[in-house]
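Any read-out appearing in this document is the output of simple, stated calculations on the displayed coordinates, not a laboratory observation. If you're wondering where the values come from, they're calculated on a predicted model, not measured in any experiment. Here Cβ is always computed from backbone atoms with ideal geometry, including for glycine, and neighbour counts include all displayed protein chains.
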């Protein structure tokens with residue numbers, strides 16, 4: 001999957017991550033989507049570089065979702081300080 005596909009998946013993943021992450025988020029939708037894209041890029045290319053999965057596998061989508069949720073949690077901790 002190319003960079004454009006990864007960014008598109010990141011948009012979807014960002015919205016799903018916000019829906020799945022518990023708690024009240026005061027960040028806007030744009031920031032959520034940007035963190036979703038960042039989590040998607042990090043998990044997709046990081047997972048492929050580590051050899052965890054290949055491009056196009058469902059594990060990539062799950063990894064991107066987990067990466068986005070982790071980034072949302074980290075952003076929430078940083079913003080509270």
(request) For residue 77, indicate whether it is closer than 16 Å to residue 2 by Cα and out of contact with any strand residue (DSSP E or B) (no Cβ under 9 Å at 6 or more places or on another chain). (result) no
(message) Anything in the range 26-60 that is assigned to a loop (DSSP other than H, G, I, E, B) and surrounded by fewer than 15 Cβ atoms within 10 Å (Cβ to Cβ)? List them, or say none.
(response) 26, 27, 28, 51, 52, 54, 55, 56, 57
(message) All but one of (1) in contact (Cβ under 8 Å) with a residue 40 or more places away in the chain; (2) out of contact with any helix residue (DSSP H, G or I) (no Cβ under 6 Å at 6 or more places or on another chain) hold for residue 60; state the number of the condition that does not hold.
(response) (2)
(message) Can you tell me which of (1) under 20 Å from residue 77 (Cβ atoms); (2) in contact (Cβ under 8 Å) with a residue 24 or more places away in the chain is the one residue 40 doesn't meet?
(response) (1)
